[in-house]
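First comes the structure, then the notes that go with it.
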Amino acid sequence: MRLERVELFRISMPLVGTFRTSFGEVSQRQCLLIAVSSQGLTGWGECVADAWPGYSYETAGTAWEILEQHFVPALLGQEFDGVGGLHQRLARFRGHPMARAGLEMALWDWLGRSRGQSLQALLGGRGERVEVGVSVGIEPTPEALVERVGGYVDQGYRRVKLKIEPGLDVEPVRAVRGAFPDLRLQVDANAAYTLATAGPLEELDAFDLLLIEQPLAEEDLLDHSRLQSRLSTPICLDESIGSAAAAQQALALDACRVINIKAGRVGGLAEAVAIHDLCRSQDVPVWCGGMLETGLGRAANLALASLPGFTLPGDISASDRYYAEDIASPRFDLADGCLTVPQSPGLGVELDRSALQRFCLEQLSLS
Ligand code: OSB
Ligand code: MG
């Protein structure tokens, strides 16, 4: 195949509420949308890099630069063979997994549309619905947190993830566990602790959590392994797992017992599936992480999460948990704690060009 045109859009969409994590607060989500066109068909992808480097070093700005200057020129007008061919053409470039993944997602959408197959079918997923959870930001008081969690429980979410940071960990978790004794509960520190400050995490063993996500620094597999030996709760890694090779090392070191898979963080859906396959062969549970995606990224996450090794509910909430207005339709509604996996060709959602123009800050067409 040969790409004839690639369009980049930098967008900013208001979230329904401010989302606070240990690395900062966000109330407007920035990301890039990428459209690839060939043979009269267009595929859409979402690059999940945010406005500033809090979660990872990539930003919407760095992704734009890398796509415009390097990745897109390496592909435009060149003959290559599907997703494998795309990765071969980009193999000489180091890093920038979110930029890579956004482009790859657009190609998956294009491939699915050209073959009349859903992304779920292309990836090897199955089933009409997947069970999902919700990620809840840090709240100033335990009372406010319990109220927010209660709202999500009333909507039908059966698994809740609480963001924590030093000083806002044991007491908030105690309050939520006290109010919801049977709720499936987990926490995410986004790398906010060190081995020296991880004492409170040992106290969390008392609250029957499914897992503790990314307690320590991204690079620090060894200390995660040391910490895991002190905890009965499984550690789950997010930021630390950039590839299947990293996953293999983390598991060999017992640095984690669960893995959060995000296609953006690992350079695309192909690598995400490779991590899934590796974990499945070792009976390690995985779940699909989220990056506050628009309807496009959410559609891709649902297809990925329908693979058989995704045995824990993902951070893939309903559209109304994030955005009053989205750029893709149909929206995703929660039913009985589940979302429906799109079945139409490609991502299975349609981009709304007029909504896109309303949220668009900058756009560029390359051909
Ligand atoms: O660490 O999982 C994370 C959002 C942005 C960046 C990092 C993370 C998150 C979330 C939200 O937890 C997940 C979602 O609902 O999309
Ligand atoms: Mg996380």
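Derivation of every value follows stated rules applied to the coordinates shown; laboratory data play no part. None of the values given here were measured: they were computed from a predicted structure. Note that each Cβ is placed from the backbone with ideal geometry, even for glycine, and that neighbours are counted across all protein chains shown.
Could you please find all residues in the stretch 40-79 being surrounded by 18 or more Cβ atoms within 10 Å (Cβ to Cβ) and over 22 Å from Thr294 (Cα atoms)? Answer for the stretch 40-79, where residues must be surrounded by 18 or more Cβ atoms within 10 Å (Cβ to Cβ) and over 22 Å from Thr294 (Cα atoms): Phe71, Val72, Leu75.
Within the stretch 2-22, being in a loop (DSSP other than H, G, I, E, B) and surrounded by fewer than 17 Cβ atoms within 10 Å (Cβ to Cβ) holds for one residue alone: Glu4.
Please work out if Glu104 is of a type in the set (Asp, Glu) and under 19 Å from Ser12 (Cβ atoms). Answer is no for this residue. Which of the residues spanning the stretch 178-211 are under 22 Å from Glu25 (Cβ atoms), within 16 Å of ligand 1 (Cβ to nearest atom) and without any contact (Cβ under 8 Å) to a residue 40 or more places away in the chain? Residues satisfying the conditions are Val187, Tyr193.
Does the stretch 78-98 contain at least one residue that is of a type outside the set (S, T, N, Q), within 16 Å of ligand 2 (Cβ to nearest atom) and farther than 24 Å from Ala318 by Cα? Can you show your working first?
Taking the stretch 78-98 and keeping what is of a type outside the set (S, T, N, Q), we get 79-87, 89-98.
Filter once more, keeping what is within 16 Å of ligand 2 (Cβ to nearest atom): 97-98.
Next, only the ones that are farther than 24 Å from Ala318 by Cα stay: 97.
Within the stretch 78-98, one or more residues are of a type outside the set (S, T, N, Q), within 16 Å of ligand 2 (Cβ to nearest atom) and farther than 24 Å from Ala318 by Cα.
Please state which one of Val266, Val284 is of a type in the set (Val, Ile, Thr), touching a Ser or Thr at 6+ places or on another chain (Cβ under 9 Å) and over 20 Å from Ser12 (Cα atoms). If you could, list the steps in order and put the result at the bottom.
Values: Val284 fails: touching a Ser or Thr at 6+ places or on another chain (Cβ under 9 Å).
Every option except Val266 fails the conditions.
The helices (runs of 4 or more DSSP H) located wholly in the stretch 72-175 that include 2 or more residues which are within 23 Å of Thr21 (Cβ to Cβ) and touching a strand residue (DSSP E or B) at 6+ places or on another chain (Cβ under 9 Å) occupy 97-115, 142-155.
Looking across the stretch 318-367, the residues that are in contact with a strand residue (DSSP E or B) (Cβ under 8 Å, 6 or more places away or on another chain) and part of a helix (DSSP H, G or I) come down to Asp320, Arg321, Leu356, Phe359.
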